[in-house]
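Comments concern the structure below.
The values are calculated or read from the model by the stated rules, or taken from the named source; none is laboratory data. These numbers were taken from a predicted model, which means no experiment stands behind them. When we count neighbours, we look across all protein chains shown, and the Cβ atoms used for this are built from the backbone with ideal geometry, even at glycine. The area values use the complete protein model at the heavy-atom level, side chains included, leaving out ligands, DNA and RNA. Shrake-Rupley method; radii C 1.70, N 1.55, O 1.52, S 1.80 Å.
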Amino acid sequence: MMKLQWLVKPLCLTLTKGSTIVTSRLYSSSPTSTTIKNVTRSNFEPVLSDLRSLINDAVFVSIDLEMTGVTSAPWRESFEFDRSDIRYLKVKDSAEKFAVVQFGVCPFRWDSSKGSFIAHPHNFYIFPRQESSEFLCQTTSIDFLAKYQFDFNICIQEGISYLSRAQEEEALRHLHSLQDDDDDEFAEPRTGDKDKPLTRIADILFSERIKGRVQEWLNRLLQNGSYHSSSKEILNESDKQFQTVFFKMRPALQLNEFTRHQLRLIQSVTEKHFKELVYIRMKSGRISAQHYLIYTETDSDRNLLKKEVKEDSHKVAELNIEGDIGFRHIIDILCSEKKLIVGHNCFLDIAHIHSKFLGPLPSTVEEYVSSIHKCFPYIIDTKILLNANDAIRQKMKNNSTSLSKAFALLCTEISPNIEEVGLVFNPDVKVEVQVDDMRSSNWNCGAKHEAGYDAFMTGSVFAQACSYLGFDFELNSPSGNLKLNEKLKNYINLLYLSWINGEIINLTTCQQIAESSLNPNQKLPCPEIVFENIIIIWGLSSKVKARDIQEWISKTFGPLSVTSVYQLDETAVFVQFSKEEFVSGFLELKKTLAWDKGPISVLHPLSRLFESGGMVRTGNYEMYKEMCGSIISKVKFADQADFVAIK
């Protein structure tokens, strides 16, 4: 098994501006070819408007995601001993810990006049920008992205931010809870500051200067005992630190270039000596703020000002939250349009969509399936389609069902990798590409493992697969009814929990089925697993191998006592016994041999397993589930068990 390294750092700390390691993708500038639509913060708004229309007109929309990692520890990889609930917990952990850095969206609409699909591939760079955001980077995944020229600088600097629905609701709830409180707009000195005597000479001198400066401004403002809003002397105030402005039709001093400490002193001076002035702090951005001393003539005017400022502040805050939604607008469009969503081996992709754009992933797979099905009632996995249908498998001559291989075999007119595969054939469905006003029927300007291009490949493969299932697009317009087609109904809402083991989950019913139920001719090696007969042994020496453990146990309980031993990581293994009675027998022996150093115990076949004293420990399958459900991910399983105090 290849050893993977896990780097627990935010991407923005590991990949800095100006990196010479990673280069931007290069695209053909030829007028006869189109390039993929790359979308960042700078062009997101106009693209959003156009994409809304494209999705509305689409027969289906294919997607693909690129992430910063897949597994947060070696023991969190997918194993054949994983039960379905365990598989979900591992996917949940991955979706919660790693970031999505690229999101491919490709609407496919049918052009009946030309008898072809028109694909509109979009490649979105996205990046989480909330102050509390953090995520992991798996070094092998980052290296993989770099190998395919992923532009990390664009992602970090220009990636589109986003809020999930849950984050938006929480932000609005927090904002509304402050409506009846005195907010930061009317920042008062801290309790006791107004009456606390100043001790530093610099503070005393500064406060006196401020008092005199503000009094001078008020005197000029209130000439002859009345307020003169047209005074040229007031409007032409030239002092950079004290700029005269009008704030909501009231004269005000805008305070510039003061430190936080100085502003606090100004607040104290204002409260002590100028009852007609209101100190207001107004945010002008996410971080910066403007500070004002505003003149009010009466108490009612003062209260009215506070009300107006608070209302404006909340409107601005709501607009900021709306702006933070960012890329999630795309997900909202896909949800509202109820289009057929097409992915390739996309269970993890869909989990990321839920975690990043809908809300926290539920604790159980049943709750997760129910939540996803409400938002996306029609999802299809092209990998299931390619594996489970005899007609397609025959066309592909049982070649690999990886996305790039399927694209090369089924989409020969637009695939740049025809020479990499053996037998190819003419596609039955034409696919053209349109980016902005450029349209082409011979397009190969993308690069695999770029989300937008992979989404395009996924949709193209799906279009050909539909044809091999017997759907005639030219005779029957697919618009609006493809997701309800009889020939597709057996594949809609089926996603792989494990494509290696052929485990599939139905998003409509939440039932788990075997791939063989879709295609009896597809025989997969599925060894019988009895989870009650499984124990986990951890804390082993790295020199102890799975075959050693099987040999020692077999010498004790008989050659047929152990069904299999599976290496979980270098210090832990699964052991499946053939009978439950062997489990209890093994655990009893473990108690005896771990501490008994008598001559009989030393010569016992299992003594070598426990020769490290009490460090070697055991647990059942439910303990393993608890490990996988933990938010902690230690690299070694033994360390994980120790950290969460499983004994």
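Mind listing the phi-derived Karplus ³J(HN,Hα) values for the stretch 138-143, rounded to whole Hz, using 6.51, -1.76 and 1.60 with θ = phi - 60°, and x for any glycine or proline? Listing the rounded values in order: 8, 4, 5, 6, 5, 5 Hz.
Fully extended, how many nm does the chain gain between E77 and E134 (0.36 nm per residue separation, minus their Cα-Cα distance)?
Details: separation 57, 0.36 × 57 = 20.52 nm, distance 2.17 nm.
Taking 0.36 nm per residue and subtracting the Cα distance, the gain is 18.4 nm.
Distances between placed amide hydrogens fall under 5 Å for F98 paired with L136, all partners being 5 or more residues away or on another chain. Relative to the current alpha-carbon distance between S516 and D639, full extension at 0.36 nm per residue lengthens the span by 40.5 nm.
On full extension of the chain, what length is gained from D472 through E337, given 0.36 nm per residue of separation minus the C-alpha to C-alpha distance?
Working: separation 135, 0.36 × 135 = 48.60 nm, distance 2.43 nm.
Roughly 46.2 nm would be gained on extension.
Tell me the Kirkwood radius of the stretch 545-598: reciprocal of the mean inverse pair distance over distinct alpha-carbon atoms, in Å. For the stretch 545-598, inverting the mean 1/r across all distinct Cα pairs yields 11.7 Å.
Couplings for the stretch 346-359, taken from phi via the Karplus curve 6.51 cos²θ - 1.76 cosθ + 1.60 with θ = phi - 60°, read 9, 4, 5, 4, 5, 5, 4, 4, 5, 5, 7, 10, 9, x Hz in order; Gly and Pro are left as x. Considering only the Cα atoms of the stretch 57-131, their convex hull presents on average a projected area of 7.9 nm². Here T259 sits with roughly 70 square angstrom of accessible surface, probe radius 1.4 Å. Considering the stretch 453-576, its Cα convex hull presents a mean projected area of 12.3 nm².
Note on S584 and K374: their simple-model spin labels are 4.5 nm apart, each label 7 Å out from Cα toward Cβ.
Taking amide H positions as modeled 1.01 Å from N, with prolines and chain starts lacking one, the residues under 5 Å from V59 and 5 or more places away or on another chain are F108, R109, W110.
Counting only protein chain heavy atoms and rolling a 1.4 Å probe, the accessible areas of T35, T571 rank, largest first, as T35, T571. Averaging the sequence gap over all C-alpha pairs within less than 8 Å and six or more residues apart, then dividing by the number of residues, gives the stretch 77-160 a relative contact order of 28 percent.
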